[in-house]
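A.B. asks: Just passing along the structure, written as structure tokens.
The values are calculated or read from the model by the stated rules, or taken from the named source; none is laboratory data. These figures come from a predicted structure and were not determined experimentally. Glycine gets a Cβ as well: all are built from the backbone with ideal geometry, and neighbour counts include every protein chain shown.
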Amino acid sequence: MLTVRKPTDEALALERVVNAAHAVQAALTALKPRFASDGDGQPSTLELVAFEVSMQELKDAREAFDILMSRTSGENSTATHL
């Protein structure tokens, strides 16, 4: 019988960071042609907003991951000192 495990909070937080990083990469890929030597240098408002939103999500995801990891490491260090 196959047992399906529920992802840990850490795994979910890390997945959020990875997804946010992919969104930033996609937004940068969309902006890159605008700044090439033959580009117009003027990204659209939508492209800029997509980049800004993806960067904010990456920042938020990393902060949430860091908080979770600091709590987890704090719990582990307390347990080892008991």
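A.B. asks: Here is a list: R71, R34. Which entry is of a type in the set (K, R) and either in a loop (DSSP other than H, G, I, E, B) or touching a residue at least 12 places away in the same chain (Cβ under 8 Å) (or both)? Spell out how you get there, then give the answer.
C.D. replies: Working: R71 fails: either in a loop (DSSP other than H, G, I, E, B) or touching a residue at least 12 places away in the same chain (Cβ under 8 Å) (or both).
From the options R71, R34, the qualifying one is R34.
A.B. asks: Moving on. For region 8-28, enumerate the residues that are at pLDDT 95 or above and of a type in the set (V, I, T).
C.D. replies: Within region 8-28, V17, V18, V24 qualify.
A.B. asks: Identify, by number, the condition in (1) surrounded by 12 or more Cβ atoms within 10 Å (Cβ to Cβ); (2) assigned to a helix (DSSP H, G or I); (3) not charged (D, E, K, R) that L46 doesn't meet.
C.D. replies: With respect to (1) surrounded by 12 or more Cβ atoms within 10 Å (Cβ to Cβ); (2) assigned to a helix (DSSP H, G or I); (3) not charged (D, E, K, R), L46 is out only on (1).
A.B. asks: Which residues, counting only those in region 10-27, are surrounded by 14 or more Cβ atoms within 10 Å (Cβ to Cβ) and either of a type in the set (D, E, K, R) or farther than 30 Å from E75 by Cα (or both)?
C.D. replies: Hits for region 10-27 are R16, A23, V24, A27.
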